[in-house]
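Trainee: There's a structure below that I have some questions on.
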Amino acid sequence: MTSTVSRSGAVAADPMVPRTFTLLSTHADTRDTFTLELEPTDGVRLEFRAGQFTMLSAFGIGEVPISISGSPIEDGPLIHTIRSVGGVSNAIVTSAPGTQLGVRGPFGTSWDVTDAKGGDVVIITGGIGLAPLRPAILELLAERDQYNRVVLLYGARTPEDILFGDEMRKWADRLGMTVEVTVDNGPHGWKGRVGFVTQLISRASFDPAQTIALVCGPEVMMRASANELRQRGVPAGKIRLSMERNMKCGIGLCGHCQLREHFICADGPILTYEVLAPLMQKWEL
Amino acid sequence: MGTITEIKDYMPEHPFFKGLDPDLIEFLAGCARNVHFKEGEILFREGDKADTFYVIRKGRVAIQVHNPAGGGMIFDTADAGDVVGWTWLVPPYKWVFDASASEETSAVAFDGECLRGKCEADPAVGYALMNRVMLVMYDRLQAARMRLLDLYGTVGS
Ligand SMILES: Cc1cc2nc3c(=O)[nH]c(=O)nc-3n(C[C@H](O)[C@H](O)[C@H](O)COP(=O)(O)OP(=O)(O)OC[C@H]3O[C@@H](n4cnc5c(N)ncnc54)[C@H](O)[C@@H]3O)c2cc1C
Ligand code: FES
């Protein structure tokens, strides 16, 4: 096994070898999405930056990239919010408390919210995409007075699929965030908004010249959101998107996640629209 | 009920009319009246005569279809700054959906027949108005297409 010595003198483990974490609890957020709390068996907290992901494994079943959804600035367990879509994600969310899971990472680039200080932040997301943004939101709200307007525009399929509904209410009511939620369709009696999340962008209150936009969701939704933001005048270099590609190594070695010259695991997952715009319009990539 | 003066003062602030020639706004205001709906109140029902065009000032309107098997389904909402209804433009001028106020709602209601009359009498007015209606329809169509993709629902989408 290889290991490297960091400037602080600590020995960093081989990034290909998972650390073991014990599953403390699983909370059902929606019918298919679950938030898991994990504790490192060696007791060493996993430090990370908002937007980074880990390669999370159910031993003997498989490994998948999952963003960290907990706070990067508060102590506590490692938190992941996972939508059960297939073999590995389902095995992870149905693991019993006490199960040992493997964790490699954290990997990838971050939302880097601190350079938005003094300006506005607009967060546009849909479905499970809110989970990778939660650490950035917690970081922003912990220093709320450092930012001007903080706006969250969130879209879900139906009211039942809204993620972190209670927490969003708290962010809006107590922590100075403007939160607008819309669903693709609603049952009779639903009092909220119905429509696609991009429709919220034109009416949101922010200063395009002083705005950093953070966008996470299905790629078609991110492209439409970025185009709408551009129309409002937000520079492409100020629009950050979190990309998804199939991953294996997570550290820029295997090429599984390649998007032309970019390895999404190492150069991403968060990249600016300036970089991504020409790549997102190509069918073959 | 609001006066024509109040309505024509308000109209230029509404996104639908923003930037329109003030003379044109005054001309159109002649077809308008202020209306208010309580939470749950019906604006119109499927099959009713579509003789009104609503410009929402405050509140929220839910546009829905009635499904006897599964209750109603809301497929769109209109908030302050939005407009509701373009069926007044399309023969046979009958609503094809239901609309109700999700909360206390205020709107400016335009008489469809009056608007059609003005459009026919002066094609320049008709063209300016149709341009605005087209923009709204285009935005809603784009959003509907996106939702049709069921991006958050279908795994692998
Ligand atoms: C950087 C990064 C961060 C991620 N963060 C999260 C997160 O925080 N929470 C979360 O739930 N998921 C996240 N994902 C997605 C997650 O990695 C996949 O859902 C997972 O790999 C699916 O593996 P599986 O074995 O469960 O399903 P598979 O058996 O591999 O796939 C089952 C079905 O799901 C589809 N599928 C596979 N991957 C995806 C995907 N990424 N999006 C949509 N459909 C997919 C397949 O096409 C297939 O139809 C992230 C992905 C990346 C690249
Ligand atoms: S996953 Fe191997 S290079 Fe990105």
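Trainee: Please go through (1) within 14 Å of chain B (Cβ to nearest Cβ); (2) hydrophobic (A, V, I, L, M, F, W, C); (3) crowded, with 19+ Cβ neighbours inside 10 Å for A:M177 and return the number of the only condition it doesn't satisfy.
Mentor: With respect to (1) within 14 Å of chain B (Cβ to nearest Cβ); (2) hydrophobic (A, V, I, L, M, F, W, C); (3) crowded, with 19+ Cβ neighbours inside 10 Å, A:M177 is out only on (1).
Residue by residue, here is whether (1) buried (at least 20 other Cβ atoms within 10 Å of the Cβ); (2) within 16 Å of ligand 1 (Cβ to nearest atom) holds:
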{"site": "A:P65", "(1), (2)": "yes, yes"}
{"site": "A:L78", "(1), (2)": "yes, yes"}
{"site": "A:G102", "(1), (2)": "no, yes"}
{"site": "A:G108", "(1), (2)": "yes, yes"}
{"site": "A:L130", "(1), (2)": "yes, yes"}
{"site": "A:L140", "(1), (2)": "yes, no"}
{"site": "A:R144", "(1), (2)": "no, no"}
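Trainee: For segment B:26-48, give me each residue that is farther than 24 Å from B:D98 by Cβ and surrounded by fewer than 19 Cβ atoms within 10 Å (Cβ to Cβ).
Mentor: Within segment B:26-48, B:E26, B:F27, B:G30 qualify.
Trainee: Restricting attention to segment B:140-150, which residues are at the interface with chain A (Cβ under 7 Å from one of its Cβ atoms) and modelled with pLDDT of 90 or more?
Mentor: Answer for segment B:140-150, where residues must be at the interface with chain A (Cβ under 7 Å from one of its Cβ atoms) and modelled with pLDDT of 90 or more: B:A143, B:M146, B:R147.
Trainee: Would you confirm whether or not segment A:218-228 contains a residue that is touching a Cys at 6+ places or on another chain (Cβ under 9 Å) and in the same structural domain as A:L140 (by TED's automatic domain parsing)?
Mentor: yes
Trainee: So A:V197 clears everything in (1) within 14 Å of chain B (Cβ to nearest Cβ); (2) surrounded by 20 or more Cβ atoms within 10 Å (Cβ to Cβ); (3) over 28 Å from B:A144 (Cβ atoms) except one condition, right? Which one?
Mentor: (3)
Trainee: Name the residue, out of A:L241, A:L259, A:L271, that is aliphatic (A, V, I, L, M), out of contact with any Ser or Thr (no Cβ under 8 Å at 6 or more places or on another chain) and not assigned by TED's automatic domain parsing to the domain that holds A:A28.
Mentor: After applying the criteria, what remains is A:L259.
Trainee: Kindly indicate the residue of segment A:146-155 that is surrounded by fewer than 24 Cβ atoms within 10 Å (Cβ to Cβ) and among the aliphatic types (A, V, I, L, M) and also farthest from the other protein chains (Cβ to nearest Cβ) among those meeting that condition.
Mentor: Filtering first and then ranking leaves A:V150.
Trainee: A further question on this structure: How many residues, within segment A:175-225, are touching a residue at least 60 places away in the same chain (Cβ under 8 Å), farther than 30 Å from B:G72 by Cα and more than 16 Å from ligand 1 (Cβ to nearest atom)?
Mentor: 6
Trainee: Now for a separate question. Does at least one position in segment A:80-94 carry a residue that is more than 14 Å from every other protein chain (Cβ to nearest Cβ), within 13 Å of ligand 1 (Cβ to nearest atom) and in a loop (DSSP other than H, G, I, E, B)?
Mentor: Yes, segment A:80-94 contains at least one residue that is more than 14 Å from every other protein chain (Cβ to nearest Cβ), within 13 Å of ligand 1 (Cβ to nearest atom) and in a loop (DSSP other than H, G, I, E, B).
Trainee: Pull out all pairs, ordered by first then second residue, where Cβ-Cβ is under 8 Å, the residues are six or more apart or on different chains, the first lies in segment B:34-46 and is on the phi > 0 side of the Ramachandran plot, and the second is among the hydrophobic types (A, V, I, L, M, F, W, C).
Mentor: What qualifies is B:G40/B:A101.
Trainee: If you check every pair at least six apart or on different chains, which have Cβ atoms under 6 Å apart with a residue in segment A:231-258 that is within 14 Å of chain B (Cβ to nearest Cβ) and within 21 Å of A:P218 (Cα to Cα) first and a residue that is within 16 Å of ligand 1 (Cβ to nearest atom) and assigned to a loop (DSSP other than H, G, I, E, B) second?
Mentor: Listed by first residue and then by second, the contacts come to A:R245/A:C257; A:R245/A:I264; A:N246/A:H256.
Trainee: Among the numbered criteria (1) touching a His at 6+ places or on another chain (Cβ under 8 Å); (2) away from ligand 2 (no atom under 12 Å from the Cβ); (3) not hydroxyl-bearing (S, T, Y), which single criterion is violated by A:E228?
Mentor: In the conditions (1) touching a His at 6+ places or on another chain (Cβ under 8 Å); (2) away from ligand 2 (no atom under 12 Å from the Cβ); (3) not hydroxyl-bearing (S, T, Y), A:E228 misses (1) alone.
Trainee: What are the pairs with Cβ atoms under 6 angstrom where one residue, in segment B:58-82, is at the interface with another protein chain (Cβ under 8 Å from one of its Cβ atoms) and touching a residue at least 40 places away in the same chain (Cβ under 8 Å) and the other, located anywhere, is surrounded by 16 or more Cβ atoms within 10 Å (Cβ to Cβ) and β-branched (V, I, T)? Sequence gap at least six, or different chains.
Mentor: Qualifying pairs under 6 Å: B:R60/B:T77; B:A62/B:I74; B:A62/B:T77; B:D76/A:V194; B:D76/B:I63.
Trainee: Sort through A:T114, A:T30, A:T54 and tell me the only one that's within 16 Å of ligand 2 (Cβ to nearest atom) and either outside any strand (DSSP E or B) or in contact (Cβ under 8 Å) with a residue 12 or more places away in the chain (or both).
Mentor: A:T54
The values are calculated or read from the model by the stated rules, or taken from the named source; none is laboratory data. Because the structure is predicted, anything quoted here is derived from the model rather than measured. Cβ sites come from the backbone with ideal geometry, for glycine too, and all protein chains shown count toward neighbours.
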